[in-house]
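Engineer: I'd like to ask some things about the structure below.
No lab work stands behind these numbers, since they all come straight from the coordinates. Note that the coordinates shown come from a computational prediction; the quantities given were computed from them, not determined experimentally. Note that each Cβ is placed from the backbone with ideal geometry, even for glycine, and that neighbours are counted across all protein chains shown.
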Amino acid sequence: MIKYSTLFFSMLFLCSCSESSKEIPVQEKDFCASIHRNDSLSLTHELEPFIDSMKNKTGVYVLEDGGGSLITRAWLSEYAEETIDIQYFIFSADNVGLIACDYLVRAADRGVKVRILIDDILVEAGVHEILTLDSHENIEIKIYNPGINLGKNIFNKIGKFTTDFRGANQRMHNKTFIVDHKVVITGGRNIADEYFDYDHEYNFRDRDVLLIGKTATDVQQSFESFWVDALSIPITGLVKEDDVTYTDTSRFERLHQYACNPDNFWPQVRKRISNLTETFQVMRDSGRLKWVEHVQFVSDAPGKNDGKQGLGGGGVCTDSLISLIKRATTSIDIQSPYLITTEVGRTLFKAAVDRGVRIRILTNSLASTDNLEAFNGYQRDRKKLLATGVEIYEFRPDAAVRYQIMTGALQEKMQYTPIFGLHAKSMVIDGTIAVIGTFNLDPRSANLNTECVTIIYSKEVAAGVLAGMETEIKPENAWHTTTVFNPDGEAGAKKQAKAWTRRVVPKGIL
């Protein structure tokens, strides 16, 4: 389960945790001997039918389920030809993370240039594993805004928070996966088990979008701006290992064998990856891949804002979303896992409601949330938000829709379904504009974290996203919260008490 809650408590978290020292276990036999890449396939060949459309339009395909989003990333990694550029808030060294690394190393072995940019706050891999990955001649790793985690001791971490509180709280929340400057996956998912239906206890209902063609150039430019920024530091400039060389030609063999082991990456998943070329054909023939003339990728700049307003100041993403809300005429439908409104935000919503706009928001319930600090921030102002005329729905941890959305192989194998929490950050305006991105409705996304959103001006795409939202606010999937009812009691007394203790956290950093 994701450990990130608020950076107010991150200092305590970081001070109580030692750096990860887990190594990839030695495998029993050669599991990779029977697994081979199909060398007759290439990304260029698969994109040939779209060449003309890619020049002036963007192909848009919404990735609703974790399993599908996982295999799409894997296939793109396996058949990338030139570059893979990756930017994530979290890239865990868990099962999914190790398998992702295996695909990246294999791509690098073929000559693909791989660049990885990760925020410092939740780097969970050991120094040896990170440096070994970076030692590949075709792989570069940078860490965004270091100083509170990787390579730092407890005193460094405390010092960073006490001397530069705002700087320590400025994190890179962008999530982009770019292949050959042509194909992009962006949205809410980080790289960890719980985003792809692989966790045994808790998984996220999330949403990504696959972009092909024109808009990929804008995403690439955003990545480049982060990559060259002074806040992005090469891993070799932050940590080192004494008396260790990285010349052993078999240094990635343990990683390869782990990923090939069917206990870790099931054969039925590999089969789905190998069949993705057929899926491309189905996408093309079914019309589910929409070619859209106007798709806007919006990203905050590294460092977010000048800090002249303390922890406030906003950013490009904040301004873009405010503009969309102000222009709405009939409806605004929102999914946000963390919902912490300010007086400015509530005034914005009330103005929309007063002019006849229906606003519905789905957020996590106390029973489904992974973030008690954020939930308490929402809980404190829930009645004020309801007073604006906004309709609020809170996600159920046992939402029936998880049986359709959770398509991962783990669910098929297990005898029970893990808890389901909301992590999708999406908006539909007037039923005609879809927004899919990383932005939570909270002060942290508005003012501190860098965020990115894709704004898709398409009735068809918006209708598809809205259909999912409509399903997920039904009684079997969510509770309708009102001024006289909320579902906090469904979480049990212990979790309610824990949430109450989080009231000491200032809402401005949530």
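Engineer: Using the Karplus curve 6.51 cos²θ - 1.76 cosθ + 1.60 with θ = phi - 60°, what ³J(HN,Hα) values do you get for each residue of the stretch 449-465, in whole Hz, with x for Gly and Pro?
Structural biologist: 5, 6, 10, 9, 9, 10, 9, 10, 8, 8, 4, 5, 5, 4, 5, x, 5
Engineer: Counting helices only, and only those DSSP H runs with n ≥ 4, report the 222 nm mean residue ellipticity of the chain as the sum of -39,500 (n - 2.57) divided by its residues, in deg cm²/dmol to the nearest 500.
Structural biologist: Numbers: 20 runs with 183 residues, N = 510.
Mean residue ellipticity at 222 nm (helix-derived): -10000 deg cm²/dmol.
Engineer: I need the calculated FRET efficiency for the pair residue 164 and residue 244, taking r as the beta carbon distance and R₀ as 30 Å, to the nearest 0.05. Numbers along the way, then the final one.
Structural biologist: Details: r = 32 Å, r/R0 = 1.05.
Step by step, r from the Cβ atoms, then E = 0.45.
Engineer: Pairs of alpha-carbon atoms within less than 8 angstrom and 6+ residues apart define the contacts here; what relative contact order does the chain have, in percent?
Structural biologist: Numbers: 1032 pairs, mean separation 101.8, N = 510.
Taking the mean separation of contacting Cα pairs over the length of the chain, I get 20 percent.
Engineer: Step through the table entries 55/271; 383/474; 214/326; 175/383, compare each Cα-Cα distance with 29 Å, and write down the pairs that go over it. Could you put the intermediate results ahead of the total?
Structural biologist: On the way: 55/271 32 Å; 383/474 21 Å; 214/326 27 Å; 175/383 33 Å.
Over 29 Å apart, Cα to Cα: 55/271; 175/383.
Engineer: Aspartates and glutamates near residue 29 by alpha-carbon distance under 19 Å, same-chain residues fewer than 8 away left out - which ones?
Structural biologist: Of all the aspartates and glutamates, those that pass the test against residue 29 - Cα under 19 Å, at least 8 places apart if same chain - are 102, 253, 263.
Engineer: Residue 274 to residue 484: extension gain in nm, 0.36 nm per residue of separation minus the Cα-Cα distance? All intermediate terms of the calculation are to be shown ahead of the outcome.
Structural biologist: Values: separation 210, 0.36 × 210 = 75.60 nm, distance 5.20 nm.
Separation in residues times 0.36 nm, less the Cα-Cα distance, equals 70.4 nm.
Engineer: Could you name the lysines in cross-link range of residue 157, using Cα to Cα under 23 Å and dropping any fewer than eight places away on the same chain?
Structural biologist: Within reach: 3, 22, 142, 240, 304, 507.
Engineer: Would you mind ranking 82, 137 so that the residue whose beta carbon has the fewest other beta carbons within 10 Å leads the list?
Structural biologist: Starting with the residue having the fewest Cβ neighbours, the order is 137, 82.
Engineer: Give the calculated FRET efficiency between residue 493 and residue 354 to the nearest 0.05, with a Förster radius of 60 Å applied to their Cβ-Cβ distance.
Structural biologist: Numbers: r = 39 Å, r/R0 = 0.65.
It comes to 0.95.
Engineer: Among DSSP bridges having both ends in the chain, what percentage is antiparallel? Round to the nearest 5.
Structural biologist: Working: 47 of 76 bridges.
Antiparallel bridges make up about 60 percent of those DSSP assigns within the chain.
Engineer: Distance from the Cα centre of the stretch 417-492 to that of the stretch 264-311, in angstrom?
Structural biologist: 17
Engineer: Can you give the FRET efficiency for residue 383 and residue 33, using 1/(1 + (r/R0)^6), R0 = 60 Å, r = Cβ-Cβ distance, to the nearest 0.05? Before the final figure, lay out each step's value.
Structural biologist: Values: r = 62 Å, r/R0 = 1.04.
Between residue 383 and residue 33 the formula returns 0.45.
Engineer: Provide 202, 258 in ascending order of the number of other Cβ atoms located within 10 Å of each residue's Cβ, fewest first.
Structural biologist: Numbers: 202 16, 258 22.
In increasing order of surrounding Cβ atoms, one gets 202, 258.
Engineer: Could you go through the stretch 475-487 in sequence order and give the Karplus-derived ³J(HN,Hα) for each residue, using 6.51 cos²θ - 1.76 cosθ + 1.60 with θ = phi - 60°, rounded to whole Hz, and x for Gly and Pro?
Structural biologist: Each residue of the stretch 475-487 in turn: x, 6, 10, 8, 9, 8, 8, 10, 5, 10, 9, 9, x Hz.
Engineer: Okay, next question. Using only the Cα atoms of the stretch 295-509, build the gyration tensor, take square roots of its eigenvalues as a ≥ b ≥ c, and label the shape rounded, prolate or oblate: rounded if a/c is under 1.5, else prolate if a/b is larger than b/c, else oblate. The partial results should precede the final answer.
Structural biologist: Numbers: a/c = 1.41, a/b = 1.17, b/c = 1.21.
Because its axes are fairly even, with a/c under 1.5, the stretch 295-509 counts as rounded.
Engineer: Then there's this: Which of 438, 132 has the fewest other C-beta atoms within 10 Å, and how do the rest follow up to the most?
Structural biologist: Details: 438 27, 132 22.
Neighbour counts put them in this order, fewest first: 132, 438.
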